[in-house]
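Input: a single structure, listed below in structure tokens.
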Amino acid sequence: MRIWLAFSVAVLLCGLLTGCDTPVPDFSFAPADGDAPLEVAFTNLSRGGGPFALTYAWNFGDGSPSVTAFAPAHTYTVPGEYTVTLTMVSWLGTRGIEKGPVVVREPDDPEPGTLLALTRTFSPAAYQPGQPLDVTLRVEQNGKAVVTSLGLIESAPEGWSFGGVVSGEAPPIISTNPETGAFEFAYVTVPAFPVTFTYRTTPPSDSSGDKGFQGRVLYRTTGAQQETEELVSVISAGGAG
């Protein structure tokens, strides 16, 4: 009876007062990324819900206990990407909202896209039309972050054929993209850095002039996939052998 009476009074007051709308949770946070340990401040932008038994529950996505503060701060200690959930509860309903990611990096991680570096060399230094050319790719690491996936996309000049990997740490997954003609390499298990391998490609017998190779490394650490800047190398045609 008391609960029913209290609820009736609440409904009556909502008819007389403003601010009794359905709860609409919302929030912002800053900073959105940084090195561990990272303290993030949350601003509560929620509205509605009425003046009765209004509570908040924050889940920071890292396995820590939820908190009920209006606008909390939270420190992330483990690198990764986290989604934050705010749940708003009142007699007029329960609503939740998710936002993110909060990106927490290893303290010694370089800027995104710069953890790995790609170099390319040719043997011989000038190509001969119709003759095989060996291309050596080397991937070096500039930091201590753990790389969990590794792949390369290599574009040879149009019409050059792929002759396979001939030496080095051969990627177990090799394919040719039928739309772009690019050679695609991927490792199931990331080997120790530096990673070096050589593949063979052969130009058409009527090739002439300067030709360009382009490539980049795709990799993942604890966060989203990253990629290096595209490496462009130009090779010239040699004299008749």
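Coordinate-derived values only; no laboratory data. Here the structure is a predicted model, which is why all the values come from computation and not from measurement. Positions of Cβ are generated from backbone atoms using ideal geometry, with glycine treated the same way; all protein chains shown enter the neighbour counts.
Which FRET efficiency value, to the nearest 0.05, is calculated for residue 140 and residue 33 with the Förster distance at 41 angstrom and r the Cβ-Cβ distance?
Values: r = 25 Å, r/R0 = 0.60.
The computed FRET efficiency comes out at 0.95.
Less than 12 Å Cβ to Cβ from residue 163, Lys/Arg counted +1 and Asp/Glu -1: what total charge do the surrounding residues give?
Residues near residue 163 contribute 0 overall.
Quick one: of the DSSP bridges fully inside segment 21-163, what percent are antiparallel, nearest 5? Don't skip to the end; give the middle numbers.
Numbers: 33 of 36 bridges.
Taking every DSSP beta bridge within segment 21-163, about 90 percent pair in antiparallel fashion.
Over the chain, what is the relative contact order in whole percent, taking alpha-carbon pairs under 8 Å and six or more residues apart?
Numbers: 552 pairs, mean separation 41.8, N = 241.
Rounded, it is 17 percent for the chain.
Rounded to the nearest 0.05, what FRET efficiency do residue 120 and residue 43 give with R0 = 35 Å and r taken as the Cβ-Cβ distance? Could you check?
0.15
Which three extents, in angstrom, do the Cα atoms of segment 18-105 have along their principal axes, listed largest first?
If we take the Cα atoms of segment 18-105, the spans are 44, 20, 16 Å.
PRE reach from residue 190 (point 7 Å along Cα→Cβ): which of segment 125-153 fall under 20 Å by backbone N?
Hits in segment 125-153 for residue 190 at 20 Å: 137-153.
Ranked highest first by average number of other Cβ atoms within 10 Å, how do 175-184, 77-86 line up? Don't skip to the answer; put the middle values down first.
Working: 175-184: 12.8, 77-86: 16.4.
The packing order, highest mean first, is 77-86, 175-184.
Based solely on its DSSP helices, what 222 nm [θ] is calculated for the chain when runs of n ≥ 4 H residues each add -39,500 (n - 2.57) and the sum is averaged over all residues, nearest 500 deg cm²/dmol? Could you put the intermediate results ahead of the total?
Working: 1 runs with 15 residues, N = 241.
For the chain, the value works out to -2000 deg cm²/dmol.
When each pair of different Cα atoms in the chain is counted once in the 1/r mean, what is the Kirkwood radius in angstroms, to one decimal? Display every interim value, and only then the final one.
Values: mean 1/r = 0.0446 Å⁻¹.
After inverting the pairwise mean of 1/r, the radius is 22.4 Å.
Specify the angular offset, from 0 to 90 degrees and rounded to the nearest 10, of the alpha carbon long axis of helix 2-16 from the longest principal axis of the alpha carbons in the chain.
80
Of all the Cα-Cα pairs you can form in segment 116-235, what percent are over 25 Å apart?
Working: 1494 of 7140 pairs.
Result: 21 percent of Cα pairs exceed 25 Å.
Measuring from label point to label point, each 7 Å out along Cα→Cβ, what is the residue 21 to residue 57 span in nm?
It works out to 2.4 nm between the two label points.
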